[in-house]
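Taking it in order: structure first as structure tokens, then the write-up.
The values are calculated or read from the model by the stated rules, or taken from the named source; none is laboratory data. Everything numeric in this text was worked out from a predicted model, so none of it was measured. FYI the Cβ positions are ideal-geometry reconstructions off the backbone, even for glycines, and counts take in every protein chain you see. With ligands, DNA and RNA removed, areas are computed over all heavy atoms of the protein, side chains included. Shrake-Rupley method; radii C 1.70, N 1.55, O 1.52, S 1.80 Å.
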Amino acid sequence: MSSTMTLTINRLDEVSSTQESAKQLAEAGAVEGTVVVARTQERGRGRLGRRWLSPPGGLWFSIVLRPTCPPARVAGLTLLAAVSVANAVRSVTKIEAGIKWPNDILIGGRKVGGILTEMTAEMNVVKYVVLGVGLNVNIDTSGFPHDLLMPATSLKEEAGRQVDLEKLLKTCLKNLTADYKKLGDGFVEILERWKALSVVIGKKVKVSQPGTAIEGKAVAVHADGALEVVDGEGSSHIVHAGDLSILR
Ligand code: BTN
């Protein structure tokens with residue numbers, strides 16, 4: 001990680017996906033800290049290639065990172081970003097946003113945002129990471145389709161007022177920059193802060209993966225982003241990916 005990161009913010013109106021725009025810039029040599037923020041995305045995407053509805057009024061941005069860590073550690077950046085973004089939501093809106101593993105920002109059991117970490121690596125060396133953040137800010141989610149995996153909400157709906165998009169962007173970027181800088185000192189502090197914001201640790205959960213599902217108690221999150229789940233027989237499962245639902 002570089003010890004300082006200068007932010008360059010590219011503001012666009014309508015894009016396909018800020019992930020794609022940021023990737024193009026990264027491929028052309030854009031430095032760490034290059035940000036693309038758009039008013040709306042036509043093909044916003046979420047984890048596992050899912051669609052991400054991105055109407056005007058939301059905060060949709062991606063940042064280029066060039067971490068010097070091995071590719072296996074990049075998943076940890078999702079946890080870091082979730083901490084930075086949940087804290088930005090908390091400080092700007094005073095609403096107690098939480099984190100659901102691996103990448104959901106929640107308010108009262110509803111999804112208000114998510115993080116998407118995409119990496120390009122060659123021969124076990126990270127070329128660049130594009131970290132995307134989506135937050136439903138001044139959006140009416142009542143028109144969102146009902147087939148979404150989780151019920152959605154927006155900051156406007158939760159706060160009962162419009163939220164300053166620019167202030168939220170600045171606070172997200174300030175937190176991300178500061179937390180990313182601290183990574184050089186190790187991941188322990190981020191994990192502790194992630195746990196403090198987590199709505200998952202200590203709960204009975206079900207993690208669904210294609211063709212299989214694990215049920216048990218979520219006991220820990222590891223530095224590589226994996227979740228540890230202990231099943232009814234006391235066996236520990238280290239889960240790297242999947243869709244998590246909280247059972248109680
Ligand atoms: C998820 O919860 O599945 C992650 C959602 C990430 C959405 C953001 S919006 C900005 C950036 N551009 C995209 O196309 N996706 C991410």
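Key figures
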{"quantity": "Enumeration of residues in the range 152-180 that are in a loop (DSSP other than H, G, I, E, B) and either away from the ligand (no atom under 16 Å from the Cβ) or open to solvent by 70 Å² or more (accessible area, probe 1.4 Å) (or both)", "calculated": "GLY160, ARG161, GLN162, VAL163, ASP164"}
{"quantity": "Hits in the range 75-97 - residues which are modelled with pLDDT under 95 and open to solvent by 10 Å² or more (accessible area, probe 1.4 Å)", "calculated": "ALA75, THR78"}
{"quantity": "Selection status of PRO70, open to solvent by 30 Å² or more (accessible area, probe 1.4 Å) and at pLDDT below 95", "calculated": "yes"}
{"quantity": "Count of the range 33-44 residues which are closer than 20 Å to LYS170 by Cα and in contact (Cβ under 8 Å) with a residue 40 or more places away in the chain", "calculated": "3"}
{"quantity": "Test: ARG66 is of a type in the set (Lys, Arg) and within 13 Å of the ligand (Cβ to nearest atom)", "calculated": "no"}
{"quantity": "Test: residue in the range 115-129 that is buried (at least 17 other Cβ atoms within 10 Å of the Cβ) and either of a type in the set (Phe, Trp, Tyr) or at pLDDT below 95 (or both)", "calculated": "yes"}
{"quantity": "Whichever residue in the range 203-231 is assigned to a loop (DSSP other than H, G, I, E, B) and at pLDDT below 95 and, among such residues, is surrounded by the most Cβ atoms within 10 Å (Cβ to Cβ)", "calculated": "GLY225"}
{"quantity": "Qualifying positions in the range 63-112 - of a type in the set (Gly, Ala, Ser) and under 30 Å from VAL126 (Cα atoms)", "calculated": "ALA72, ALA75, GLY76, ALA81, ALA82, SER84, ALA86, ALA88, GLY98"}
{"quantity": "Counted residues, the range 1-56 - those being more than 9 Å from the ligand (Cβ to nearest atom), assigned to a loop (DSSP other than H, G, I, E, B) and among the polar types (S, T, N, Q)", "calculated": "4"}
{"quantity": "Positions within the range 222-237 being out of contact with any His (no Cβ under 7 Å at 6 or more places or on another chain) and either over 21 Å from ALA81 (Cα atoms) or among the hydrophobic types (A, V, I, L, M, F, W, C) (or both), in sequence order", "calculated": "ALA223, LEU227, VAL230, GLY232, GLU233, GLY234, SER235, SER236, HIS237"}
{"quantity": "Filtered residues of the range 18-46 (kept if touching a helix residue (DSSP H, G or I) at 6+ places or on another chain (Cβ under 9 Å) and either within 27 Å of MET150 (Cβ to Cβ) or among the hydrophobic types (A, V, I, L, M, F, W, C) (or both))", "calculated": "ALA30, VAL35, VAL36, VAL37, ALA38, GLN41, ARG43, GLY44, ARG45"}
{"quantity": "Neighbours by Cβ (under 6 Å, 6+ apart or cross-chain): first from the range 92-116, more than 11 Å from GLU158 (Cβ to Cβ); second β-branched (Val, Ile, Thr) and more than 13 Å from the ligand (Cβ to nearest atom)", "calculated": "VAL92/THR171; GLY98/VAL199; LYS100/VAL199; LYS100/VAL200; TRP101/VAL200"}
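So that you can scan it fast, the table gives a plain yes or no per residue for (1) surrounded by fewer than 20 Cβ atoms within 10 Å (Cβ to Cβ); (2) at pLDDT below 95; (3) hydroxyl-bearing (Ser, Thr, Tyr):
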residue	(1), (2), (3)
ARG11	yes, no, no
LYS23	yes, no, no
THR34	no, no, yes
ARG47	yes, yes, no
TRP60	no, no, no
ILE63	no, no, no
